[in-house]
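The structure appears right after this line, and notes come after that.
Any read-out appearing in this document is the output of simple, stated calculations on the displayed coordinates, not a laboratory observation. Everything numeric here is computed off the predicted structure, so don't read it as measured data. Every residue, glycine among them, receives a Cβ derived from its backbone with ideal geometry; neighbour counts consider all protein chains shown.
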Amino acid sequence: MAGLSQLIYQTFIQRNAVFLTTIFASAFAFEIAFDTASNKIWDSINRGRQWKDIRHKYIKKDEEEE
């Protein structure tokens, strides 16, 4: 186990530029994953009540009136 922790330290933490790059890349990946998951949960809870779900009803009516 000590060898693994030393390998992680030497690879990611020992040099400041690599450490900061790892932190920023991880934060960016987490943000994308969190936003995607939040949007999927929101869409599943509000299915049928969003504009993207009911738009076809109003677009057809508007085109027929013209």
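Here are the numbers:
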{"read-out": "Helix-derived mean residue ellipticity, 222 nm - over the chain, DSSP H n ≥ 4, -39500 (n - 2.57), to 500", "value": "-26500 deg cm²/dmol"}
{"read-out": "Approximate spin-label separation residue 38-residue 57, in nm, with each point projected 7 Å along Cα-to-Cβ", "value": "2.8 nm"}
{"read-out": "Trypsin sites (Lys or Arg not before Pro), loop per DSSP, at most 16 other Cβ atoms within 10 Å - longest free stretch of the chain", "value": "16-46"}
{"read-out": "Cα-based helix-to-principal-axis angle, 51-65 vs the chain, degrees rounded to 10", "value": "30 degrees"}
{"read-out": "Scaled radius of gyration (Cα, divided by 2.2 N^0.38 Å) that the chain gives", "value": "2.19"}
